[in-house]
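Before any comments, here is the structure.
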Amino acid sequence: MTNKAQLSKAQVSRESFGRMIWKRTLGGVGVKLALTWVGILVIAAVFAPFLANSMPLIMSKDGEVSMPVLRYLDTEDAAVLAAFVTLIGLWLLPMHLKLRSWLMWIVGVTAAVAVLASLMLKPPQLIIYDDFRTAAYTEVDWRLMPPIPYAPTDYLRDQRALPLQAPSIQHWLGTEENGGDVLSRMIHASRIALSIGIVATSIAMVIGVIIGGFMGYFSGLVDMIGMRLVEVFESIPTLFLLLTFVAFFGRSLYMMMIIIGVTSWSGYARYIRAEFLKLRKQDYVQAAVASGLPLRSILFRHMLPNGVAPLLVAMSFGVAAAILAEATLSFLGLGLVDAPSWGQMLNQAVKSATFNWWMAVFPGGAIFMTVFAYTLIGEAFRDAIDPTLARATGVN
Amino acid sequence: MSDLLLDVRDLHTYLRTGEETIKAVDGISYQIKRGETFCLVGESGSGKSISALSVMRLLPAAIASHPAGEIVFQQENLLTLPDAALRRIRGSRIAMIFQEPMTSLNPVLSIGAQIMEALQLHNPGLSTAEAEERTIKALEQVQLPNARRRVRDFPHQLSGGQRQRVMIAMALACEPELLIADEPTTALDVTVQAEILRLMRELQESTGMSLLFITHDFGVVAEMAHQVGVMQQGKLVEKGVTEQVLRQPQHAYTQQLLAAVPENLARQAGRIRGDNPSLTLPISKEGTSTSADSALSLARGDQAGVSPLIEVKNLKVWFPIKKGLFRHTVDHVKAVDDVSFELPKGGIVALVGESGCGKTTLGRAILQLEQPTSGSVKMRGTELVGLSAKALQPWRGRMQIAFQDPQSSLNPRLLVETTLTEPMKVHDIGNNAEERLELAGDALERVQLKRDFLWRYPHEFSGGQRQRIGLARALVLNPAFIVCDEITSALDVSVQAEILQLLLAIRAERDLTLLFVTHNIGVVEYLSDWTMVMYQGKIVERGPTAQVCGDPQDAYTQKLLAGVPRLDKVA
C-alpha cells in the first residue's frame, strides 16, 4: 500500500521535473516574447503552403469539392507537417516518454511520412500561377483562399503588377523587384531560417559533445589528439568552404546544413571538454565510477547535465550564427536559386537602384528578432536547468 | 576599569536577504580586558564571525543593520563612529586575520609591499627605508625564516602556514591593541596549527595585546582562551573563565557540544588511549582472537594473520611532472610511495596524515579510482591492479567510497532516488524498480533520514544530511569495504559525533571493513581499532590505535600528536 503511494509519487516527481524546468524557463517576460516569436516562426514554417499561396485551399466547383493546395504539396511539406503533428501529439497525449523515445518517435514518423510522400505525392513540376486566376479557379460555387493569396514565386505577370511597390492593403509588406509578395516570401523563407539553424546546430552539438566529452573524460592522449582535431577544424573558414562546395556541387540547403554543422562543432567540444575536465574530479563522478556505473551513464547522466549550461548558451548563439551564415551566403547571391530566404531578400534590397525600405526592414528585422529570441531562450533555459537557482515557488 | 579594552553591550546584527531578516547576532554582551584572550566558540551559522565583523564594521551596510547595542572600544562607540574616524582605528588599533590564508593575501603584490602599505598608511611620517626595516622586523617576529630575503616573495611562494604568519605580521605591524582572529588555524594542518597558536600566545605575551579569537574547536579554546563565550543561533548562551566552562558547563547546549567532541565521545565509550589496551579492540561476534591476530599482522605488515579482506603490497602512485617542449617526464610526485599493509575483515583502520601526505590518493588507489604506478592491491585474494574495467565491475559493488565535501559528493541534477537506485540496477540488486525503491528507502532510514527524502534534490539538504546520503549511496550496494575520505571534516562537531556513532552502529551490524582517512586525531581515537600514520607518501607508523596514540614511536607521529589541541590542555 505504502509502496504504491511512493511509486505514484515517483511518477509525479518525474513528470513534474520537466514541467518545473518549463515553468521556470517561462518565468521572464523577455523569454515569453522570444518564445512567442519562435512559435510564430514555427507556425509560419510548418503551414507556409497554407498561409501564403496562390491556389485556393478548398473550393467547390459544379458541386465537386476539391483542395487544389494539396495537389501541389511536395515531400518536404509533408515531412515538416508530419514532424509537427507528431510533436504536438506527443505533447498533448498523456504519455510519459523519455527524451530519447520522443526523438525516436519524431524522427521515425517524419522519415516514414517522407518516404511515403516521395512515393505517392507527384506535384506538378511547373506551376503556372496565372492559371489560378482564370475561370477554372475563380468561377466556382465557393472557395477559401489562404490569408495571403500569393505564392512566394508568383510574380503576378498576368496582373502586370508593378514591382517594388511599397506596403499597401493588397501587399502588406510590399513587393520585390520581380513583383513577388514580400510577406509571402518571408513566410516561406522562415522554413529555411529555422531548419538551417536547428539542424546545423544539432549536428555540431552531437559531434562536439561526443568528441569533447571523450577528450575531457579520458584526457591524456585522447585529449591531445582531440585538441589537434579541434584546431584543424577551427582553421577552416566555414564561409569559404561553403563557397567552394557551392561552386562544385551546386546549391543545396542540406549541404549547407551539414557543412555548417561539421565545421562549427569545435566550440562545443571545447566547452564540454573544459567542463568535463572539471567535473571528472568531482566527488559524485568518482562515486559513480566507484559504483561501477557504465561509461555511458557516467558521461551522459552524471557529467553532461552538469556541464551543459555553457553549451546551452553557446547553442543559442550557434543557431543564430547558422541563420546568419545562410543569410550571408544568400546575401552574396550564392544561396538557393529559387526558394526565397531572408538573406537573399536583403541582397535584393541592396542591389536595386533605389533604396526600398520595406525590402530591408522586414527581412532584416526578422533575422534580428530570431537571433535575439534564441539568445534569450538560451539564457533563460540555462538559469532554469540549474536547481540551485530554483526560486522558492513550487519546487517540491 | 582602565584595563577594559572592548565592551560589547547587547549587540544586535540583522542581515537582510530579500524579504527575510536574519537575526545573525541577537543581543550578545562581552568584555575583553587588556592582554586577555576571549574565545567565541560555536558551530557554523551561530553568528560568531558576524559578531566579529560587526566590531570592525566590515559588513556591507546594504544588508546589515544594528538595531540595538553598542561596541565600546576605549570610550568610543564603534557602531556610531564616522567612517574617517573608524579608518584610523581599523588596522592600527584593531587588526584582523582571517581563516583562509590562500585568499587573504593579494597574489600580485610581494608580501613586503603589502605589509609596508599598511604601515605607511597608518604612520604617514614613516620613510620607505624605515618601513622596510619595520616590515622585516615584523616578519622576524612571526618567525618567518630568512625574513630579510623573503620580503620580496610573493604569496604563492609561501606555504599555508607561512602565509598565515605573514597575515599575523601584517596585523601586528601597526602594534594594535586588539587582534581579531577569525578561525586563523582552521585551514592549517595540525602541526602548523600548533606552531601558529604557540606563536600567537608568545606575541600576546610580548606585546600585551588583547585577542578576540573565533573558533569552532574546543581544543583550540582550551589552549588559547582566558575567557570563553559559547554562541548558539546569535545568542551568547554561556560565558566565563575557560577552565570553568570546559570543566563544568552550565548551559545544556555547551554540555551537548562538549560531549560531542571526539575526545569526550571516546572517553564516554571508555576507549581513550592508555586506559586499557584490551578495550580498544571491541570486535563483534566472530571472536576477539581473529582480530587480535590480524591486528598483529597489521602491526608487522606481514601476511601471518588470518585472511585479510584487502592486501596492499608495495603500492606506488607516482604522478609525473612534465616539462619542456616534448613534455618529457623530469620527476615524479610520489603521492604514495611503496606502501604495504593489510586490512583485516570487520575492522576500522584509520589512515592519519596531514594534507598532501597522500592519504586520499592511497584510498582512491585501493578502489582503483587512481591508477597505481606499480604494486598490488588484492581483495579476498584477487588482484585488482591492472584489471580491465569489465573485470573490475563485480568488485566495484563490494568496495565503496564516501567523500569529504558535502557540496560536491552528490550529483546536483539527480534526485536522491536516482543516485541510490542507479548503482543497484547496475549491480542487479533488487528484482525490479519497486524493490530497489524499497531498498533505497531502507538505506535512507538506516542513516536516520526520512524515506520521502528520496524525492528531493541534494541542494535541499544540509551538509550533515548530504553526508548521510553519501553514506547511504555507499551502503545500498552492500559493500564489504568502504573508504571514508575525511567524511566528517567539513561538519560541525555535533553533526560529526552523530555520523561517527552511526558509522560504528552500521559497522557492528554489517561486519563492514572501513578505511577511515582523516587528519583528526580525536576522531581516530574514538572510532578506529587500528591506526596507520602516513607522512610524505609512506606509512611511518602503524598498530592498534591505543598503542599508536598512546606510545608513538616515530618522530613524526610524536610531533603530530603533540600538536593536537586537547581539552585537557586548558591554559
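The values are calculated or read from the model by the stated rules, or taken from the named source; none is laboratory data. As the structure is a prediction and not an experimental result, all values here were calculated from the model. Counting neighbours? That spans all protein chains shown, and the Cβs are built from the backbone with ideal geometry, glycine included. Just so you know, the surface numbers come from the protein's heavy atoms only, side chains and all, with ligands and any DNA or RNA stripped out. Shrake-Rupley method; radii C 1.70, N 1.55, O 1.52, S 1.80 Å.
Odds and ends about this structure:
- Of all residues making up segment B:194-235, the number that are open to solvent by less than 10 Å² (accessible area, probe 1.4 Å) and among the polar types (S, T, N, Q): 2
- Within segment B:335-375, no residue satisfies the criterion of being without any contact (Cβ under 8 Å) to a residue 12 or more places away in the chain and more than 20 Å from B:Ile321 (Cα to Cα).
- The residues of segment B:38-63 that are crowded, with 24+ Cβ neighbours inside 10 Å and not hydrophobic (A, V, I, L, M, F, W, C), listed by number, are B:Gly42, B:Ser46, B:Gly47, B:Lys48, B:Ser51, B:Ser54.
- Among (1) in contact (Cβ under 8 Å) with a residue 24 or more places away in the chain; (2) of a type outside the set (Val, Ile, Thr); (3) not in a helix (DSSP H, G or I) - the single one A:Gln125 does not satisfy: (1)
- Among the residues listed as B:Lys359, B:Lys322, the single one being exposed (fewer than 15 other Cβ atoms within 10 Å of the Cβ), within 26 Å of A:Gln282 (Cα to Cα) and of a type in the set (D, E, K, R): B:Lys322
- Neighbours by Cβ (under 8 Å, 6+ apart or cross-chain): first from segment A:153-173, without any contact (Cβ under 8 Å) to a residue 24 or more places away in the chain and on the phi < 0 side of the Ramachandran plot; second of a type in the set (S, T, N, Q) and surrounded by 13 or more Cβ atoms within 10 Å (Cβ to Cβ): A:Ala161/A:Thr175; A:Leu162/A:Thr175; A:Pro163/A:Thr175; A:Pro163/A:Asn178; A:Gln165/A:Thr175; A:His171/A:Gln165
- Members of segment A:267-285 found to be of a type in the set (D, E, K, R) and either touching a strand residue (DSSP E or B) at 6+ places or on another chain (Cβ under 9 Å) or within 26 Å of B:Glu422 (Cβ to Cβ) (or both), listed by number: A:Arg273, A:Glu275, A:Lys278, A:Arg280, A:Lys281, A:Asp283
- Number of positions in segment A:306-339 that are open to solvent by 10 Å² or more (accessible area, probe 1.4 Å), part of a helix (DSSP H, G or I) and either within 14 Å of another protein chain (Cβ to nearest Cβ) or within 30 Å of B:Ala365 (Cβ to Cβ) (or both): 3
- Note on segment B:503-569: enclosed strands (runs of 3 or more DSSP E) holding 1 or more residues that are open to solvent by 10 Å² or more (accessible area, probe 1.4 Å) are B:530-535, B:538-544.
- Number of the exception - A:Ile203 against (1) farther than 30 Å from A:Ala366 by Cα; (2) buried (at least 18 other Cβ atoms within 10 Å of the Cβ); (3) among the aliphatic types (A, V, I, L, M): (1)
- Exactly one residue among A:Gly179, A:Gly197 is touching a Phe, Trp or Tyr at 6+ places or on another chain (Cβ under 9 Å), farther than 28 Å from A:Lys278 by Cβ and surrounded by fewer than 22 Cβ atoms within 10 Å (Cβ to Cβ), and that residue is A:Gly179.
Listed here are the residues, each with its yes/no results for (1) surrounded by 13 or more Cβ atoms within 10 Å (Cβ to Cβ); (2) closer than 21 Å to A:Pro149 by Cα.
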position	(1), (2)
A:Ala34	yes, no
A:Leu73	yes, yes
A:Leu116	yes, no
A:Ala136	no, yes
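- Yes/no for B:Ala497 being more than 11 Å from chain A (Cβ to nearest Cβ), of a type in the set (Gly, Ala, Ser) and under 24 Å from B:Asp428 (Cα atoms): no
- Some residue of segment A:121-132 being polar (S, T, N, Q) and under 30 Å from the mean Cα position of the chain (by Cα): yes
- Filtered residue count, segment B:460-485, keeping only those that are within 22 Å of the chain's Cα centre (by Cα) and either within 11 Å of chain A (Cβ to nearest Cβ) or in a helix (DSSP H, G or I) (or both): 12
- The lone exception for A:Arg157 - which of (1) in contact with a helix residue (DSSP H, G or I) (Cβ under 7 Å, 6 or more places away or on another chain); (2) part of a helix (DSSP H, G or I) it fails: (2)
- For the criterion of being surrounded by 14 or more Cβ atoms within 10 Å (Cβ to Cβ) and modelled with pLDDT of 85 or more, A:Val65 fails.
- Here segment A:133-154 is the region considered, the condition is being in a loop (DSSP other than H, G, I, E, B) and more than 30 Å from the chain's Cα centre (by Cα), and the residue that is nearest to A:Asn53 (Cα to Cα) is A:Thr134.
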